[in-house]
Each structure stands twice: as C-alpha cells, then as structure tokens.
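Engineer: Below is the structure I would like to discuss, written out as structure tokens.
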Amino acid sequence: MVGAYIQDGVKNEIDVSIRKMLLPEIKDAIGQRCASLVEEGDTVFLDESTTCLAVARHLLHRDITVVTNSLDIAQVFSDSGQGKLLLSGGELDRKNRCFVGGSAEDFLSRYYMDKSFVSCRGADRAAGITDGSAVNGRIRSMMLQRAKQRFLVLDHTKLDKTHFYHICDFSAVDAVVVDFLPTGVWREFFRDRGIRVLEALPRP
C-alpha cells in the first residue's frame, strides 16, 4: 500500500501523485486494451485520470489527434513528438494536474471526437457514474456527449461506489473497459443495457 490516504468520503480527492502509484499493472493492462480500440486517424478525448494516462502511453507512434485537459497526458505526447495534441486552457487544478472551469469547458465544447475514454471515481448500478469533483465531472460528461464511441474506463475497485457528482447514467456509455468484473451481477447489468464489456485481465 502506498502511504495512507482517505478514500471513503464522497468528495475526497486523492492527489494525483498518489494515484499514479496505485494499481500500476492493472492500469497498464486497461490502457493497452483501450489503445487496441483506437485506429489510425482517430480523434480521441482522454480525461485527466491516471487510467487515461496509461492509455496515452500506449497510443504513442499513432497518427491520431488527442484532445485532453491533462498536463501529464500533454507531457507524454509532447515528449514523444508523435501525433497531434490539443490541450485545453482553463483554471489549473494542481491536485489533479489538469485544467478545469468555464474556459476549459468552452474550449472542449468546440470539438467532436471519434472516441472518448473517460474514467470516474465510482460506478453504482443505482446511482450511475460519479466523480469526487463537480468541475472534472462536468468535463467528463461533456466529452461523453460529444463522441461517436464512448468508453468508460475503470478498475474493479471503483464498482459499487458512489461519489459526490453525478457524471451520467450508464446509458451515456457504449462500452466499459475494466480489468475484470468481480461478480456476475455486473455482467448481467451491462448485458441487459447493451453495454459491451472489455476485460483487460483474466478473472483472478
């Protein structure tokens, strides 16, 4: 376990420096699975999550356009010199190393994506898809609305959790990319709603 941190409160936000060290192998596997869904020439939105940062690392050397509000993802593509990058402006959220607020939302609202990859803090069958932050949640919601294909990316520890801000209902996503589903209840839930499930790792 990396240090001590509070994760149970609906509005608690874990600093990105800690989140980067949590479940690295799982996030890498999810990132690789997501990258396999991206085709040459795609325009892709990646949010500021550390799971989407793992996606970004597997998208280097692709002829794609990446739109993001994440400083870390922008750094990955800037250092590689690969692809085309659009980075939003806005107010800097230092804890999450991303841009948020009205200016960021206005910038991102001008674009439409082939694919959006969006994470969350919690996913609950009754409450839907939730975040610990309203400003980040609004950006995630916007980019799901403005994509042809919409992917929710998360690890299994976020299932059956509810947090502060309602990003969207499950009807707003086409597919879920997860390390594995721990119960058949979730598998049945997604199947009944026509949501594809793409598991990156075999069930333990």
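Engineer: Quick one: Cα convex hull volume of the range 73-196, Å³ per residue?
Structural biologist: Values: hull volume 14.3 nm³, N = 124.
Output value, Cα hull per residue: 115 Å³.
Engineer: Hey, another quick one. Once the dipole of the range 90-142 is set up with Lys and Arg at +1 and Asp and Glu at -1 on Cβ about the Cα centre, which of SER116, VAL135, ASN96 lies farthest towards its positive end?
Structural biologist: Value: ASN96.
Engineer: Which value in Å is the Kirkwood Rh of the range 157-204 over different Cα pairs?
Structural biologist: On the way: mean 1/r = 0.0850 Å⁻¹.
Result for the range 157-204 stands at 11.8 Å.
Engineer: Zone of GLU25 (label point 7 Å along Cα→Cβ, backbone N under 17 Å): which residues in the range 160-204?
Structural biologist: It comes to 179-181, 200-204, nothing else.
Engineer: Which one of LEU23, LEU59, LEU46 has the biggest mean-square fluctuation once the chain is modelled by GNM with Cα springs under 10 Å?
Structural biologist: In the Gaussian network model the winner is LEU23.
Engineer: Between ARG191 and LYS84, what's the calculated FRET efficiency when r is the beta-carbon distance and R0 is 41 Å? Round to 0.05. Walk me through the intermediate numbers first.
Structural biologist: Numbers: r = 37 Å, r/R0 = 0.89.
Calculated value: 0.65.
Engineer: Over the chain, what is the relative contact order in whole percent, taking alpha-carbon pairs under 8 Å and six or more residues apart?
Structural biologist: Numbers: 436 pairs, mean separation 38.4, N = 204.
Normalised by residue count, the contact order of the chain is 19 percent.
Engineer: Using unit Cβ charges (K, R positive; D, E negative) and no other charged atoms, how large, in debye to the nearest 20, is the dipole of the range 52-204 about its Cα centre?
Structural biologist: Values: 22 positive and 18 negative charges, 28 e Å.
So the magnitude is around 140 debye.
Engineer: Mind checking the per residue accessible area of the range 113-204 for me, 1.4 Å probe, whole number of Å²? Numbers along the way, then the final one.
Structural biologist: Numbers: 3750 Å² over 92 residues.
Accessible area per residue, the range 113-204: 41 Å².
Engineer: Right, here's the next one. Computing the accessible area with a 1.4 Å probe over protein heavy atoms, can you report the carbon and sulfur percentage for the chain? Don't skip to the answer; put the middle values down first.
Structural biologist: Values: 4530 of 9360 Å².
For the chain, the apolar C and S fraction of the accessible surface comes to 48 percent.
Engineer: Moving to a separate point now. Using per-residue counts of other Cβ atoms within 10 Å, averaged over each peptide, order 155-168, 75-88 from highest down. Write out the running numbers ahead of the final one.
Structural biologist: Details: 155-168: 18.7, 75-88: 15.9.
Listed from highest to lowest mean packing, they are 155-168, 75-88.
Engineer: Enter the mean projected area of the convex hull around the alpha-carbon atoms of the range 36-127, in nm², rounded to one decimal. Numbers along the way, then the final one.
Structural biologist: Details: hull surface 26.4 nm².
It is 6.6 nm².
The values are calculated or read from the model by the stated rules, or taken from the named source; none is laboratory data. Here the structure is a predicted model, which means the values were calculated and not measured. Every residue, glycine among them, receives a Cβ derived from its backbone with ideal geometry; neighbour counts consider all protein chains shown. Ligands, DNA and RNA are stripped out before the accessible areas are found, and what is left, the full protein with its side chains, is counted by its heavy atoms. Shrake-Rupley method; radii C 1.70, N 1.55, O 1.52, S 1.80 Å.
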